[in-house]
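Following: one structure in structure tokens, then a few remarks.
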Amino acid sequence: MDMPIVPPMRLPAALVLISFLVCATALRLAHAREAHAGTVQRMELEDLLGSCELALEGRVQNIRVVEAAPKRIETEITLSVSKRFWGDCPKVLVVRVPGGVLPDGRGLLLPGMPSFAQGEELLLFLSEASPNGTRMPVGLAQGRLRVERRTDGSKTLVREQRDLEFVDPRTRRASKAEPRALFDYAAVLARLEAAAQARKAREARGEKR
């Protein structure tokens with residue numbers, strides 16, 4: 001049976017993914033088995049920048065899990081934004097993503113979705129907001145990179161992707177992603193700035209990605 005794929009294209013194709021995952025994985029976490037991996041196409045940084053509505057760097061100030069509607073659990077993340085690579089947003093941005101664990105133990109588990117922790121610095125690539133206001137990280141866990149500071153003051157970026165499988169679009173065969181991917185911070189910023197300029201030029205010419 002073919003596996004669901006998140007294509008490297010402009011969202012809200014993610015809404016299809018949300019509908020599938022909510023139906024397939026909404027559960028009471030206390031009785032959950034180990035989650036299946038999220039299956040996506042591998043995306044380069046340029047793909048992420050080209051497909052998102054918002055690309056930004058910021059620090060997580062607060063996290064709150066809410067039951068937005070019956071059987072609809074969401075995580076509300078408050079970010080202090082320090083850089084924007086694409087899109088417009090306030091300096092304090094509240095993002096809601098599907099999934100999370102409520103204090104009473106009920107939760108929604110979405111395979112391949114990244115986790116968030118208060119105080120961490122992140123680069124995020126976010127989809128358009130869905131009709132209910134939630135966003136998805138583009139490419140699931142590929143759309144979240146954590147900033148780590150070395151003892152010499154330099155920065156590196158870490159992507160946790162142990163819950164991802166990458167699918168070959170030609171053969172449709174999936175392979176487990178490496179647990180972590182590391183990126184040089186300065187090199188990533190240079191690539192994102194170049195990708196943003198290229199996207200602006202394409203859109204000015206009226207070209208689609």
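Laboratory data are not the source of any read-out in this text; all were calculated from the coordinates shown. The shown structure was predicted, so the numbers you read here are calculated from the model rather than taken from an experiment. With ideal geometry, Cβ positions are generated from the backbone for all residues, glycine too; neighbour counts draw on all protein chains shown.
Do you know which of the residues in region 78-104 that are small (G, A, S) and part of a strand (DSSP E or B) is nearest to R135 (Cα to Cα)? Don't jump to the end; show me each part of the working.
Taking region 78-104 and keeping what is small (G, A, S), we get 80, 82, 87, 99-100.
Restricting the remaining residues to those that are part of a strand (DSSP E or B) gives 80, 82, 100.
Details: S80: 17, S82: 20, G100: 14 Å.
Per the criteria, the residue is G100.
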Which residue out of R135, R146, R106 is of a type in the set (D, E, K, R), surrounded by 21 or more Cβ atoms within 10 Å (Cβ to Cβ) and touching a residue at least 24 places away in the same chain (Cβ under 8 Å)? R135
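Answer yes or no as to whether K208 is surrounded by 11 or more Cβ atoms within 10 Å (Cβ to Cβ), charged (D, E, K, R) and more than 16 Å from the chain's Cα centre (by Cα).
Working: surrounded by 11 or more Cβ atoms within 10 Å (Cβ to Cβ): no; charged (D, E, K, R): yes; more than 16 Å from the chain's Cα centre (by Cα): yes.
No.
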If I filter region 54-71 down to residues being under 13 Å from L108 (Cα atoms) and either surrounded by 15 or more Cβ atoms within 10 Å (Cβ to Cβ) or not basic (K, R) (or both), which single residue comes out as nearest to the chain's Cα centre (by Cα)? V65
Residue list for region 91-103, filter: in contact with a strand residue (DSSP E or B) (Cβ under 7 Å, 6 or more places away or on another chain) and exposed (fewer than 15 other Cβ atoms within 10 Å of the Cβ): K91, V92, V94, L102
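For region 152-203, which fully contained strands (runs of 3 or more DSSP E) count at least 1 residues that are free of Cβ contacts under 8 Å to residues at least 60 places away in the same chain? Please lay out each step first, then the result.
Working: elements: 155-160, 164-167, 174-176, 180-184.
Filter on region 152-203 gives 155-160, 174-176, 180-184.
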